[in-house]
Every structure is written in C-alpha cells, then in structure tokens.
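Visitor: Encoded as structure tokens, here's the structure I'll be asking about.
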Amino acid sequence: MPGITEAQWNMKAFSKMSKLRLLKINNVQLSKGPKDLSNNLRFLEWHFYPSKSLQACLQVDLLIELHMPNSSIEQLWNGHKRAVNLKIIDLSNSLSLVRTPDFTSIPNLERLILEGCTSLSIEHEQLQEPYKYSKKHRLFEIA
C-alpha cells in the first residue's frame, strides 16, 4: 500500500491515556488493535483499524465522530451500546464489515458512510427507512 507504514506499537500504552479525547491514526498499519481505549474519547479516526470490533469495555456514549475507513472491522461492537452523542460513522471500504449496530441506540446519527463495504448485506429496516426513528437521520451515504 503506497504511503502506508507498518508499525509495531505497545498497545498497553493506550490504557494509560485515560483522559484521551481525540485519537487519529492514519498512514500506519498496526498488526493488532488496542486492549483499552479511553472512555473519554470524543473523536476517533483510525484508518486500517486491525481488529474485528471495538473493544467490549469501550464506553461510546461520549463519542461524537467515528471514522474507521479501510478497517478489518466485522461489526462496530458486540452487544448493545448506547451512543447518544454519535453523529458521524464512517466505515467506508471496510471489506469485512458484515453487521451494523442497532441504530435505535444512536439517536443523533446524522451521517453514515458505508461506501465500499462489499460484505455488508443491508437488511436493517432503519437503513431502508432512515426517518422512521429520528428526524436527525439526515444523510446516509450507502453504496
């Protein structure tokens, strides 16, 4: 991949950043994802995220923007998580993505980008009728 550097980082370092609010990782490919991320994250951008889902213990209720294009993610998280502040989800070109989260738990979602998610089967009734659950569901960019 041009412009992408492979790196080996100590993933335990993220567990010591408890007050981290913004995390942006771009142009680097890591072999594995973190064990712990700050529950204070407001903005997460991680291109080529290496894990199949976000960590189970991550609290997403403060998260506002989530950008994980070209990731290895199969689903954002396991189980039900309430993400009341989340406005933007970008999982574009995440070829392994097979499942979307329950959008009723993301009431303020304004933009969902799933372009190039070729393994994703859009069966979720909320995607077929985005205004059914909230008027704030304004834009879905689904290819």
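Visitor: Closer than 19 Å to Leu120 by Cβ and small (Gly, Ala, Ser), is that true of Ser53?
Guide: Working: closer than 19 Å to Leu120 by Cβ: yes; small (Gly, Ala, Ser): yes.
When the stated conditions are applied, Ser53 passes them.
Visitor: A further question follows. Just to be sure I understand, how many residues within region 74-125 are among the small types (Gly, Ala, Ser), farther than 18 Å from Ser53 by Cβ and in contact with a helix residue (DSSP H, G or I) (Cβ under 9 Å, 6 or more places away or on another chain)? Give the derivation first.
Guide: Initial filter on region 74-125 (among the small types (Gly, Ala, Ser)): 79, 83, 92, 94, 96, 105, 116, 119, 121.
Within this subset, residues satisfying the condition of being farther than 18 Å from Ser53 by Cβ are 116.
The next check asks that each one be in contact with a helix residue (DSSP H, G or I) (Cβ under 9 Å, 6 or more places away or on another chain); those that pass are none.
Residues that pass the stated criteria total 0.
Visitor: Find the residue count for region 106-120, including only residues that are under 14 Å from the mean Cα position of the chain (by Cα) and either closer than 14 Å to Val60 by Cβ or in contact (Cβ under 8 Å) with a residue 60 or more places away in the chain (or both).
Guide: Qualifying residue count, region 106-120: 2.
Visitor: What's the number of the only condition in (1) under 14 Å from Asn26 (Cβ atoms); (2) out of contact with any Phe, Trp or Tyr (no Cβ under 7 Å at 6 or more places or on another chain) that Gln75 fails to meet?
Guide: Just one mismatch for Gln75, condition (1).
Computed from the coordinates by the stated procedures, all read-outs in this text should not be read as laboratory data. Note that the coordinates shown come from a computational prediction; the quantities given were computed from them, not determined experimentally. Here Cβ is always computed from backbone atoms with ideal geometry, including for glycine, and neighbour counts include all displayed protein chains.
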